[in-house]
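This report refers to the structure that appears directly beneath it.
The values are calculated or read from the model by the stated rules, or taken from the named source; none is laboratory data. Note that the coordinates shown come from a computational prediction; the quantities given were computed from them, not determined experimentally. As a convention, Cβ positions derive from the backbone with ideal geometry for all residues, glycine included, and neighbour counts pool all protein chains shown. Side chains included, ligands, DNA and RNA excluded: accessible areas come from the protein's heavy atoms. Shrake-Rupley method; radii C 1.70, N 1.55, O 1.52, S 1.80 Å.
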Amino acid sequence: MRLKVRFKPRHYLPAVLQQVLRSSYKYPMSKQAVSVTLRAENLLWLRGQTRTMRVRSISEVLDRLVSTARRGGHVHAASIRSVVGTVRIAADDPDLATADAAVRALFPARPRAVIQTRG
């Protein structure tokens, strides 16, 4: 018995799948790849943490460790900087009533996929 499998060209795919294929690399990841050099015992410890925490990767463990350290205030004193003076509030909108619209205008609207169910 011989099976024939035909793949339909991309333009025959449902609109939702076409949107997924078009946008898969359109928006950047929220994380950024870095290279880290560790001593063997630290790498072994991280691998153990990865298994124990049941997360996908060592990167996830490192990300959680850094987030926890940042939240706990474990930073070098020289790295703390003030943000005073980095934000300008418009004189005609001191209560920031139009802030949402102003921030939304900075980013292009992403089309939302509509999934239809049979009913």
key: Among the residues listed as VAL84, VAL114, VAL75, the single one being in a loop (DSSP other than H, G, I, E, B) and touching a residue at least 40 places away in the same chain (Cβ under 8 Å)   = VAL114
key: Condition met for ARG88 (under 26 Å from the mean Cα position of the chain (by Cα) and of a type in the set (D, E, K, R))   = no
note = Among the residues of region 44-55, the number that are farther than 24 Å from GLN32 by Cβ and either open to solvent by less than 80 Å² (accessible area, probe 1.4 Å) or among the small types (Gly, Ala, Ser) (or both) is 1
ask   = What number of residues within region 56-81 are farther than 16 Å from LYS31 by Cα and open to solvent by less than 90 Å² (accessible area, probe 1.4 Å)?
value = 8
message = Given the criteria assigned to a helix (DSSP H, G or I) and of a type outside the set (Gly, Ala, Ser), does LEU62 qualify?
response = yes
